[in-house]
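Student: Dropping a structure here in structure tokens format, bear with me for questions.
The values are calculated or read from the model by the stated rules, or taken from the named source; none is laboratory data. These numbers were taken from a predicted model, which means no experiment stands behind them. Virtual Cβ from ideal backbone geometry, glycine too; neighbours counted across all protein chains shown. All accessible areas refer to the heavy atoms of the entire protein, side chains included, with ligands and DNA or RNA removed. Shrake-Rupley method; radii C 1.70, N 1.55, O 1.52, S 1.80 Å.
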Amino acid sequence: MEKEADQNPPSKMESLSVESQAAEGSSSSSSPTGTQMSPEERFRIVRSVGEECIQEDELLNLLTKKPQPICYDGFEPSGRMHIAQGVMKTISVNKMTSAGCKVKIWIADWFAQLNNKMDGDLKKIQTVGRYLIEIWKAVGMDLADNKVEFLWSSDEINSRAHEYWPLVMDIARRNKLPRIIRCSQIMGRSEQDELSAAQILYPCMQCADIFFLKADICQLGMDQRKVNVLAREYCDDIKRKNKPIILSHHMLPGLQQGQEKMSKSDPSSSLFMEDTEAEVNVKIKKAYCPPKIVQGNPCLEYIKYIILPWFNEFKVERSADNGGDKTFKSFDELVVDYESGDLHPGDLKPALSKSLNKILQPVRDHFNKDANAKDLLKRVKGYRVTR
């Protein structure tokens with residue numbers, strides 16, 4: 001972790017494995033360990049992370065034969081962290097490590113610069129990266145015993161440039177421009193956008209990352225699927241038998257109707273990891289949550305993908321006239337009551353806010369009490385968010 005009051009990133013950012021301050025109710029568990037589990041049990045845990053897996057038989061075979069597979073995840077430091085990136089990633093990483101995986105989290109500072117985040121200012125991007133690590137440390141990501149490693153792309157690529165750039169060049173050489181442009185979604189762009197030359201280079205580099213990090217599993221969002229498939233196609237090109245397994249997690253929607261994903265540039269669509277209790281309450285109160293409708297209901301998605309995995313239950317407190325208190329142990333159980341009208345948004349929303357605030361409180365405490373974290377947040381909040 002960055003030294004106290006260090007205003008600039010060190011010239012060589014070490015990989016980080018720091019002990020977490022586990023949040024109450026965190027989904028991580030110390031027993032049994034991954035090595036004590038059967039391959040089938042490990043598969044069940046790892047597979048639960050992804051909405052899609054390519055391919056399941058390859059994943060089971062990997063977990064049967066390799067005690068500690070390498071799982072790759074990555075992120076562009078591009079602004080304040082929303083709850084999907086903070087809590088959902090923590091849940092996923094803790095599941096992966098509990099099943100015996102080593103997780104390498106790629107802090108893609110150079111990629112953020114290529115994608116013109118923070119107006120391409122690398123120092124600002126690296127400040128955001130350090131702020132994000134502080135959040136995962138506070139919320140309860142299990143970082144003990146070298147199970148998780150944070151790697152800064154700029155340092156790793158510079159230190160092993162002789163390995164990295166020939167790989168990028170070979171991937172670029174073997175693919176036509178339209179195939180690379182189809183990957184533009186990974187940068188939050190569309191195929192119709194006018195891309196810079198840097199944004200053409202970006203997918204080739206992200207594809208190379210998978211092999212550079214010796215990843216067995218690519219654990220990224222569904223929006224990163226196309227470049228992960230490109231990596232498997234590259235294996236066919238070079239006649240490589242062992243392909244990276246794609247484990248794509250669900251994309252949590254924004255809080256307003258029709259928002260497919262949270263947007264950092266639209267605060268009303270996102271819950272940020274250091275939002276105050278009052279801010280969370282207001283945002284959830286205003287969130288789209290039509291009675292008796294489950295499909296496209298962001299409040300229900302937050303319960304399914306955040307609250308239930310974190311607490312293993314969802315508690316609703318209400319008056320006796322409205323049915324009295326009830327604890328839901330599964331999402332299916334919740335759906336039955338919600339679709340029937342037995343559970344009303346007026347009771348669901350306060351319960352959701354209470355659960356979310358319980359998860360976020362350790363993060364707030366950390367950023368209030370730790371001088372370094374407080375300084376990082378102040379600087380990040382002052383940055384202009386760029387698309």
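Student: Can you tally the net charge around Tyr305? Count Lys and Arg as +1, Asp and Glu as -1, for every other residue whose Cβ sits under 13 Å from the Cβ of Tyr305. Display every interim value, and only then the final one.
Tutor: Working: positive: Lys89, Lys95, Lys261, Lys304; negative: Glu51, Glu301.
With Lys, Arg at +1 and Asp, Glu at -1, the net is +2.
Student: How big is the Cα convex hull of segment 277-387 in projection, averaged over all directions, in nm²? Could the numbers behind the result be given before it?
Tutor: On the way: hull surface 34.6 nm².
Taking the Cα atoms of segment 277-387, their convex hull projects to 8.6 nm² on average.
Student: Here is a follow-up. Looking only at the chain, where both bridge partners belong to it, what percent of the DSSP beta bridges are antiparallel (to the nearest 5)? Intermediate values should be presented prior to the final figure.
Tutor: Values: 8 of 26 bridges.
Bridges in the chain that DSSP calls antiparallel: roughly 30 percent.
Student: Here is a further query. What residues qualify as long-range amide H neighbours of Lys261, i.e. H under 5 Å apart, gap of 5 or more or another chain, H built at 1.01 Å from N?
Tutor: Excluding prolines and chain starts, which carry no amide H, the hits are Gly254.
Student: Report the gain in length on full extension from Asp370 to Glu279: 0.36 nm times residue separation, minus Cα-Cα distance, nm rounded to one decimal. Walk me through the numbers on the way to the answer.
Tutor: Values: separation 91, 0.36 × 91 = 32.76 nm, distance 2.15 nm.
Contour length minus the Cα-Cα distance gives 30.6 nm.
Student: In addition: At a threshold of 8 angstrom on Cα-Cα distance, excluding pairs fewer than six apart, so keeping six or more, what relative contact order does the chain reach in percent? Write out the running numbers ahead of the final one.
Tutor: Values: 643 pairs, mean separation 81.0, N = 387.
Here the relative contact order equals 21 percent.
Student: For segment 263-309, list log₁₀ I(q)/I(0) at each q in 0.33 Å⁻¹, using the Debye formula over Cα point scatterers of equal strength and ignoring solvent, two decimals each.
Tutor: After summing over all Cα pairs, the log10 values are -1.24.
Student: I want to make sure I understand the PRE zone here: with the label point 7 angstrom from the Cα of Lys66 toward its beta carbon, which residues in segment 209-231 have backbone N atoms less than 15 Å away?
Tutor: 209-220, by backbone N distance to the label point.
Student: Sticking with this one: I'd like to compare 204-214, 171-181: which one has the highest average count of other Cβ atoms within 10 Å, and what's the full order after that? Each step should come with its number before you reach the end.
Tutor: Working: 204-214: 22.3, 171-181: 14.4.
Peptide ranking by packing, descending: 204-214, 171-181.
Student: Starting from 0.36 nm per residue, how many nanometres of slack lie between Ile293 and Asn322 once their C-alpha separation is accounted for? Display every interim value, and only then the final one.
Tutor: On the way: separation 29, 0.36 × 29 = 10.44 nm, distance 1.88 nm.
Stretched fully, the Ile293-Asn322 segment lengthens by 8.6 nm.
Student: Helix-only mean residue ellipticity at 222 nm, the chain, DSSP H runs n ≥ 4 weighted -39,500 (n - 2.57), per residue, nearest 500. What is it? Don't jump to the answer; show the numbers that get you there.
Tutor: Working: 16 runs with 172 residues, N = 387.
Mean residue ellipticity, 222 nm, calculated: -13500 deg cm²/dmol.
Student: State the extension gain, in nm to one decimal, for the chain segment bounded by Asp236 and Arg379, taking 0.36 nm per residue of separation less the distance between their alpha-carbons. Mind showing how you got there, number by number?
Tutor: On the way: separation 143, 0.36 × 143 = 51.48 nm, distance 4.52 nm.
Value of the extension gain: 47.0 nm.
Student: Moving on to the next point. Using a basic spin-label model with each label point 7 Å from the Cα along Cα→Cβ, how many nm lie between Lys315 and Glu52?
Tutor: For Lys315 paired with Glu52, the spin-label model returns 3.8 nm.
Student: Can you give me the convex hull volume of the Cα atoms of segment 69-164, divided per residue and expressed in Å³?
Tutor: Values: hull volume 9.3 nm³, N = 96.
That works out to 97 Å³ per residue.
Student: Another question, if that's okay. Can you pull the one-decimal nm distance between simple spin-label points at Asp170 and Lys329, each 7 Å off the Cα toward Cβ?
Tutor: Using points 7 Å along Cα→Cβ, the separation is 5.2 nm.
Student: Specify the longest stretch of the chain that does not include any exposed loop site, a site being one of the GluC sites (Glu not before Pro) with a non-H, G, I, E, B DSSP assignment and at most 15 other Cβ atoms within 10 Å.
Tutor: Details: sites that count: Glu4, Glu14, Glu19, Glu24, Glu51, Glu191, Glu194, Glu260, Glu313, Glu317.
The answer is 52-190.
Student: Could you state the accessible area per residue of the chain in Å², with a 1.4 Å probe and every protein chain left in place?
Tutor: On the way: 17170 Å² over 387 residues.
Heavy-atom accessible area per residue stands at 44 Å².
Student: Looking at the square roots a ≥ b ≥ c of the eigenvalues of the Cα gyration tensor of segment 129-257, which shape do they give, rounded for a/c under 1.5, prolate if a/b is larger than b/c, or oblate? Mind dumping the intermediate values first?
Tutor: Working: a/c = 1.61, a/b = 1.21, b/c = 1.33.
Oblate, since a/c reaches 1.5 and b/c is not below a/b.
Student: For segment 193-255, take N as its residue count and report Rg(C-alpha) divided by 2.2 N^0.38 Å. Kindly include the intermediate steps, with their values, before the conclusion.
Tutor: On the way: Rg = 13.1 Å, N = 63, 2.2 N^0.38 = 10.6 Å.
Dividing the Cα radius of gyration by 2.2 N^0.38 Å gives 1.24.
Student: Just the Kirkwood number for segment 217-292, please: inverse of mean 1/r across all distinct Cα pairs, in Å, one decimal. The partial results should precede the final answer.
Tutor: Details: mean 1/r = 0.0662 Å⁻¹.
Radius from the Kirkwood sum: 15.1 Å.
Student: DSSP loop trypsin sites (Lys or Arg not before Pro) in segment 251-322 with at most 14 other Cβ atoms within 10 Å of their Cβ, which ones? Kindly include the intermediate steps, with their values, before the conclusion.
Tutor: Numbers: sites: Lys261, Lys264, Lys283, Lys285, Lys286, Lys292, Lys304, Lys315, Arg318; in loops: Lys261, Lys264, Lys292, Arg318.
Filter output for segment 251-322: Lys292.
Student: Quick check: at a probe of 1.4 Å, how many percent of the accessible area of the chain sits on carbon and sulfur atoms? Mind dumping the intermediate values first?
Tutor: Details: 8410 of 17170 Å².
Here carbon and sulfur together make up 49 percent of the probe-accessible area.
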